[in-house]
Amino acid sequence: MIKYDLNNRVAVVTGGAQGFGLAITERFIEAGAKVIAWDIDENEIKLAEKKINSSNFNFQIVDVTNYKSVTENLKKIQDKFGRIDIFINNAGISGLNTSVADYPLDEWNKIINLNLNAVFYCCKAVVPYMKQNNYGRIVNISSIAGKEGNPNASAYSSSKAAVIGLTKSLGKELALNNIAVNCVTPAVAKTKIIQQQTKEFTDYILSKIPRSRFAEVTELASLVTWLSSEENSFSTAAVFDLSGGRATY
């Protein structure tokens, strides 16, 4: 395994206590970063704390769909550590598997609020801190569904497509500030999100992946760690596929 250098970096990972987020948190700590995991599930946070068992693991219980909660907790991090170098927008949910015609309005709004609005809130709030230091790395976890669209997953696909657009826009805005903003579009992995889906849906998704398997959380964590390091000194406003060959563009 390549060991990236994140020594003395301060990183925030949303949804950092489980799934992709936990794998990213672990990899960051291995690379020397101080990580603040944001999660709404206090029980998962406690389990992650026990599993990682490192003084570089910190956590805050944060509702990322609440802008006030986001800003207040970022200020606490800035006050404690004096900097915020890396921000990973990972928290998300998949939502119902149903047609557009039958999609409940409240469910649509719930998915858009967490998968898109929360990413905007976090980016909006953290960018001023990164500008102060003329350094930052933001990685937004999108999905291959955001590029290709999955049937009966309109809210999820739409929200993840919008994250790609937000990434491209913000990356261009900050290109002269030594702040890289990129997103990753993984195929489905065996996380809690896949457990929310029907077997018919997961079988369909698996059939679309030429490697004929789901992604591993550690594979995503490796890519995100590079994107979050100083070694990624040029790529910004970009989309990095981790789709097992599914991506067609």
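The values are calculated or read from the model by the stated rules, or taken from the named source; none is laboratory data. Just so it is clear, the structure is predicted and the values come from calculations on it, not from any experiment. For neighbour counting, all protein chains shown are included, and Cβ atoms are generated from backbone atoms with ideal geometry for every residue, glycine included.
Tabulated results
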quantity: Failed criterion for T202 (all others in (1) under 14 Å from the mean Cα position of the chain (by Cα); (2) surrounded by fewer than 18 Cβ atoms within 10 Å (Cβ to Cβ); (3) free of Cβ contacts under 8 Å to residues at least 40 places away in the same chain hold); calculated: (1)
quantity: Selection status of N140, surrounded by 22 or more Cβ atoms within 10 Å (Cβ to Cβ), touching a residue at least 12 places away in the same chain (Cβ under 8 Å) and out of contact with any Gly (no Cβ under 9 Å at 6 or more places or on another chain); calculated: yes
quantity: Members of segment 83-99 found to be in a loop (DSSP other than H, G, I, E, B) and of a type in the set (A, V, I, L, M, F, W, C), listed by number; calculated: I84, A91, I93, L96
quantity: Cross-chain or 6+ apart pairs with Cβ under 7 Å, segment 215-230 first and of a type outside the set (S, T, N, Q) and crowded, with 20+ Cβ neighbours inside 10 Å, then modelled with pLDDT under 95 and assigned to a helix (DSSP H, G or I); calculated: V217/G19
quantity: Conditions (1) closer than 30 Å to A33 by Cα; (2) part of a helix (DSSP H, G or I); number of the one not met by F201; calculated: (1)
quantity: Hits in segment 214-245 - residues which are under 21 Å from L22 (Cβ atoms) and touching a Gly at 6+ places or on another chain (Cβ under 7 Å); calculated: A215, V217
quantity: Residue match in segment 66-78 (condition: surrounded by 15 or more Cβ atoms within 10 Å (Cβ to Cβ) and assigned to a strand (DSSP E or B)); calculated: no
quantity: Candidate set: segment 12-57, residues that are in contact with a Phe, Trp or Tyr (Cβ under 9 Å, 6 or more places away or on another chain) and among the polar types (S, T, N, Q); chosen: the one surrounded by the most Cβ atoms within 10 Å (Cβ to Cβ); calculated: T25
quantity: Hits in segment 58-75 (condition: over 19 Å from A48 (Cβ atoms) and not small (G, A, S)); calculated: T65, N66, Y67, K68, V70, T71, E72, L74, K75
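For every residue, the table says whether it meets (1) within 26 Å of Y121 (Cα to Cα); (2) touching a strand residue (DSSP E or B) at 6+ places or on another chain (Cβ under 9 Å); (3) of a type in the set (F, W, Y).
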{"position": "S154", "(1), (2), (3)": "yes, yes, no"}
{"position": "S157", "(1), (2), (3)": "yes, no, no"}
{"position": "L166", "(1), (2), (3)": "yes, yes, no"}
{"position": "E173", "(1), (2), (3)": "yes, yes, no"}
{"position": "C183", "(1), (2), (3)": "yes, yes, no"}
{"position": "A187", "(1), (2), (3)": "yes, yes, no"}
{"position": "L206", "(1), (2), (3)": "no, no, no"}
{"position": "R213", "(1), (2), (3)": "no, no, no"}
{"position": "V224", "(1), (2), (3)": "yes, yes, no"}
